[in-house]
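Contents: one structure, followed by commentary.
No lab work stands behind these numbers, since they all come straight from the coordinates. Not measured: the values here are computed from a predicted model. Counting neighbours? That spans all protein chains shown, and the Cβs are built from the backbone with ideal geometry, glycine included.
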Amino acid sequence: MRYYLDTNILIFILLNENDEIDKHVVDILNDYSNTFYVSPIAVKELLHLYKTGDIKDNYYKSAGYLLQAIENYGIEIKPLNKYHLAAYARLGILKGHKDPNDHVIIAQAITDKISLISSDTKFKSYTAQGLQFIFNKR
């Protein structure tokens, strides 16, 4: 199976915050037959959080090390394309969910027909628009 990882899941993996990942998601992550992707938007968010000090880890000496860690974990950064942006343009926005980064990540997962794993409860509301969603209960 193929899966997109939302920013929060990516952070939990890279910072070894295993207690933040529920058993069902751990089983998915540990299945070596699965393939994992991340949107460049999630990577941008991760790097921004690192550079602003909102996430801290003594293991990674720079934001560049985080990029290398994504590759080391076998997670592919899947580029955005015009089809993703067209889906973003069509996406109906949930009332009170104003994060454009989330919307692009959701549109990318819908377009590629790949399940998105996230701890964000708002994402479930996008299943009616075609999002295949796996909730990580923290």
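Please specify each residue of the stretch 23-44 satisfying the condition of being farther than 15 Å from Lys78 by Cβ and surrounded by 15 or more Cβ atoms within 10 Å (Cβ to Cβ).
Val25, Ile28, Leu29
In the stretch 120-138, which residue that is more than 16 Å from Val104 (Cβ to Cβ) and of a type in the set (A, V, I, L, M) is nearest to the chain's Cα centre (by Cα)?
In this case the residue turns out to be Ile134.
Looking at the stretch 65-95, which of the residues that are among the basic types (Lys, Arg) and part of a loop (DSSP other than H, G, I, E, B) is surrounded by the most Cβ atoms within 10 Å (Cβ to Cβ)?
It comes out as Lys78.
Give the stretch 35-64 a look and list any residue that's touching a residue at least 24 places away in the same chain (Cβ under 8 Å), among the hydrophobic types (A, V, I, L, M, F, W, C) and either over 25 Å from Val25 (Cβ atoms) or part of a helix (DSSP H, G or I) (or both), or say none.
Residues satisfying the conditions are Ile41, Ala42, Val43, Leu46, Leu49.
Lys98 versus (1) in a helix (DSSP H, G or I); (2) surrounded by fewer than 16 Cβ atoms within 10 Å (Cβ to Cβ): which is the lone unmet condition?
For Lys98, the exception is condition (1).
Yes/no per residue for (1) closer than 20 Å to Ile28 by Cα; (2) out of contact with any helix residue (DSSP H, G or I) (no Cβ under 8 Å at 6 or more places or on another chain):
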| residue | (1), (2) |
| --- | --- |
| Leu67 | no, no |
| Lys78 | yes, no |
| His84 | no, no |
| Tyr88 | no, no |
| Ala109 | yes, yes |
| Leu116 | yes, no |
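Give me the residue from the stretch 45-64 that is surrounded by 14 or more Cβ atoms within 10 Å (Cβ to Cβ) and among the acidic types (Asp, Glu) and, out of that set, nearest to Leu116 (Cα to Cα).
Glu45
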